[in-house]
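Working notes, beginning with the structure itself.
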Amino acid sequence: MSRRSLILIGLAGLAIVILSVAAPYLTVHDYGPVDIPVDLTGNLATASFLAVGWVAAWRRPQSRIGLLMMAVGLAWFAIRVSWIPDALAFSVGSALTDIWMPVLAHVYVSFPSGRLRQRRDRLVVALAYGWALAAQLAYTLTWHPVFSRPYAWIHNVFGVLGTQHINDEIARVTSVATVAVVAVVLGTVISHWRRATPPGRRVLAPLVWSGVPTAAWFAAQQLSGAGWLGGATMLNAVGLAPAAALPFGFLIGLLRTRLGRQAVGDLVVELGRRAAPAEHLDAALAQVLGDPTIRVLYRVGPASGGTRYVDASGQAAQLPQAGSGQGVTTVDQEGEPVAALVHDPALTDEPELLEATVAAARLAIDNARLQAEVRAQLEEVRASRARIVRAGDVERQRIERNLHDGAQQRLLALSFALRMAESRADGDAELKAALGDAANELKDALSELRELAQGLHPAVLTRSGLAAAVGAAVRRASVPAELAEAPEERYLPDVEAAAYYVVSEALANAGKHASATVARVSIRQSGDVLRIEVVDDGVGGADTAAGSGLIGLADRVAALGGTISVVSPAGAGTVVTAELPCGA
Amino acid sequence: MNRIVIVDDHAGFRAWARAVLAADGFSIVGEAVDGASAVGEVRAVQPDVVLLDVQLPDADGFDVADMLLAAPPRPAIILTSSRDAAAYEADLARTGLPFVAKEDLSGSAVRMLMGGRACPGGPLS
């Protein structure tokens, strides 16, 4: 809907309102006194739906809700046709009496976009239109009003069936069914509200506030009009008030954008107060926009390929796809997107608020993006270090398996052959002794090869896990050692390998350099951290910088995001402590 | 009490084990190169003892042992590997199965590991 046609529609609406107000006087209403309260509220309803609908269409050109609201006003005005002193006009106007009802139901169910997105919503609106049409048709065809002089010319030209008695019965029955339809519509709105997110509820709340009293009044009016309850006129006068006030409920929804602007001011203050925007930007936006799910994703440059989005911590993130149930608002700079707000779809209905928020937070978003970019690069370096360590481990494992399947098997076969030969050389003592020596030599070679393979990658670690591997390392250690505790759980291979190497390196140092007489190993998981501690009673003075194997371990541990510390005062033993993240 | 099936994917080891065990009075009634054929072979020939490599191309020796012990004839099982027992100690402790390193294999080692089942008139014969 273009702005120009909206202006024309607005002028037409104004004309309708003027006509509506003037109708009783223009038409020289000579068939009854004007019921001032009813007339006034009816005009108010027409005018307010037209006006609020027009404002909504102007402010939200993408939404159809404004046009629908104007349609309600127009439908209300249609009743005025019956003021024209002519039997046909009277009949047409009367037949259109309740046409505003399904249109209003349409507004309710499709609020705030004006579109019926769910199958259930479409069914409810179709029910409202279908039922209104059927009930009105049955009523109109059987309605035989009789007026006394001087209004005897008035009659219903469509009343071609049945008698007034049948018409009364139809009215009694249909009124109850109409109330049921109203209940279904109201129930749909309430269920929208219940399922909505906080920003969605903020938009829908005025609907619920105004909808419940209006529906209650409407139900009472229907039933009393059909003779189920008394006091029809009084109900009309009192009840039309909330109906006329209804569009102002919608208007409150619009005004909330203004309230939102106040919140944007708060955002500026809030962002000024907080030192590190990257961490707090999401929280500040969530508070200001009332959407706890909101987060900002940053578009970062090509570090290892195309551009991509990351979150504030630098972790790679995906923009939600269309239809994912999340709204996305991009932040552009010189025509290029630099960031995106991922938010509740209900916020899409408040574009001014989003726009103002983005404008206010732009500097903070720019800063946060730079931070996120640095973090993303750091994250990439960390990931690449972890990949290098993992690749090394995979390679060591492969070599261990090759040694085991290749050289070791061949040497084994050779050793078998020597032993066979030895057993058959009973006649020649010299040969038998030589073969025996060769077999023993080979046994030593095999055992050295096994040690080598074991050092490359302990098969027990892959097979049975950390506790079993560390238990074996403790028993094999050159210094008497004990394993105080170790969890039986399995961890990621990287974590198990790092923990195992920390223990075996610390035990090797204790035996080789520290001249320790005893060492104690304990591994304990607390939360997401695996804590490894190796204590010995050696000479201390170990220096991680002095080229010990602990340096390589520090890299391995850091690649996993862990820490390692060596406390080794001269003469007072050594404590090696490592902490590894081990969350799933 | 000396009928044995040898399960290993290395032909060289099977040949040598056959020679060593035959020399020590065992009767080699079958051979298998992987877990699946081992189960079939044992059902078919009903040996007294199975010499079972831990690392088979299609299965883990411990799993094959579970399968063999799940139904008759339930032979004695001795695991073997060119790695030493330390590599499997958690599984050995869990299952209580006997183990001999390949380089230490001999008829007497097998008899010792079979325990009572090796002697004629033993508890399970």
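The values are calculated or read from the model by the stated rules, or taken from the named source; none is laboratory data. Keep in mind the model is a prediction, meaning the values are calculated, not measured. In this analysis, Cβ positions are derived from the backbone assuming ideal geometry, glycine residues included, and neighbour counts consider all displayed protein chains. Accessible surface areas use protein heavy atoms only, side chains included; no ligands, DNA or RNA. Shrake-Rupley method; radii C 1.70, N 1.55, O 1.52, S 1.80 Å.
Tabulated data for the structure shown
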read-out	value
Residue check for B:Glu41: touching a strand residue (DSSP E or B) at 6+ places or on another chain (Cβ under 8 Å), crowded, with 16+ Cβ neighbours inside 10 Å, more than 14 Å from chain A (Cβ to nearest Cβ) and closer than 28 Å to A:Ala439 by Cα	no
Selection count, the stretch A:72-87, where residues are in contact with a helix residue (DSSP H, G or I) (Cβ under 9 Å, 6 or more places away or on another chain), touching a residue at least 24 places away in the same chain (Cβ under 8 Å) and either surrounded by fewer than 20 Cβ atoms within 10 Å (Cβ to Cβ) or not small (Gly, Ala, Ser) (or both)	8
Matching option when the condition is of a type in the set (A, V, I, L, M), touching a residue at least 24 places away in the same chain (Cβ under 8 Å) and open to solvent by less than 80 Å² (accessible area, probe 1.4 Å), among A:Ala372, A:Ala438	A:Ala372
Top-ranked residue of the stretch A:394-425 - restricted to ones that are open to solvent by less than 70 Å² (accessible area, probe 1.4 Å) and either in contact with a Phe, Trp or Tyr (Cβ under 6 Å, 6 or more places away or on another chain) or acidic (Asp, Glu) (or both), ranked as farthest from A:Tyr501 (Cα to Cα)	A:Glu422
Any hit, the stretch A:522-531, residues being open to solvent by less than 50 Å² (accessible area, probe 1.4 Å) and within 13 Å of chain B (Cβ to nearest Cβ)	no
Filter result (open to solvent by 30 Å² or more (accessible area, probe 1.4 Å), away from every other protein chain (no Cβ under 11 Å) and among the hydrophobic types (A, V, I, L, M, F, W, C)) within the stretch B:22-33	B:Ala22, B:Ile28, B:Val29, B:Val33
Qualifying positions in the stretch B:60-69 - assigned to a helix (DSSP H, G or I), open to solvent by less than 60 Å² (accessible area, probe 1.4 Å) and over 20 Å from B:Glu103 (Cβ atoms)	B:Phe62, B:Val64, B:Ala65, B:Leu68
Filter result for A:Arg475 (under 30 Å from A:Leu411 (Cα atoms), under 49 Å from the mean Cα position of the chain (by Cα) and either assigned to a helix (DSSP H, G or I) or within 11 Å of another protein chain (Cβ to nearest Cβ) (or both))	no
So A:Glu489, is it open to solvent by less than 30 Å² (accessible area, probe 1.4 Å), within 20 Å of B:Ala90 (Cα to Cα) and of a type in the set (Asp, Glu)	no
Test set (1) more than 14 Å from chain B (Cβ to nearest Cβ); (2) not in a strand (DSSP E or B) - A:Ala484 fails condition number	(2)
Filter result for A:Asp444 (within 14 Å of chain B (Cβ to nearest Cβ), open to solvent by 70 Å² or more (accessible area, probe 1.4 Å) and touching a Ser or Thr at 6+ places or on another chain (Cβ under 9 Å))	no
Tally, over the stretch B:102-114, of residues that are crowded, with 18+ Cβ neighbours inside 10 Å, within 14 Å of the chain's Cα centre (by Cα) and at the interface with another protein chain (Cβ under 10 Å from one of its Cβ atoms)	2
Residue identified as within 14 Å of another protein chain (Cβ to nearest Cβ) and open to solvent by 50 Å² or more (accessible area, probe 1.4 Å) among B:Ala19, B:Ala11, B:Ala15, B:Ala36	B:Ala11
Selected residue (only one of A:Val534, A:Val557 is buried (at least 18 other Cβ atoms within 10 Å of the Cβ) and in a strand (DSSP E or B))	A:Val534
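Each row is one residue, and each column tells you yes or no for (1) out of contact with any Gly (no Cβ under 6 Å at 6 or more places or on another chain); (2) more than 11 Å from every other protein chain (Cβ to nearest Cβ); (3) open to solvent by 20 Å² or more (accessible area, probe 1.4 Å); (4) not β-branched (Val, Ile, Thr).
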| site | (1), (2), (3), (4) |
| --- | --- |
| B:Leu51 | yes, yes, no, yes |
| B:Asp58 | no, yes, yes, yes |
| B:Pro72 | yes, yes, yes, yes |
| B:Ala76 | yes, yes, no, yes |
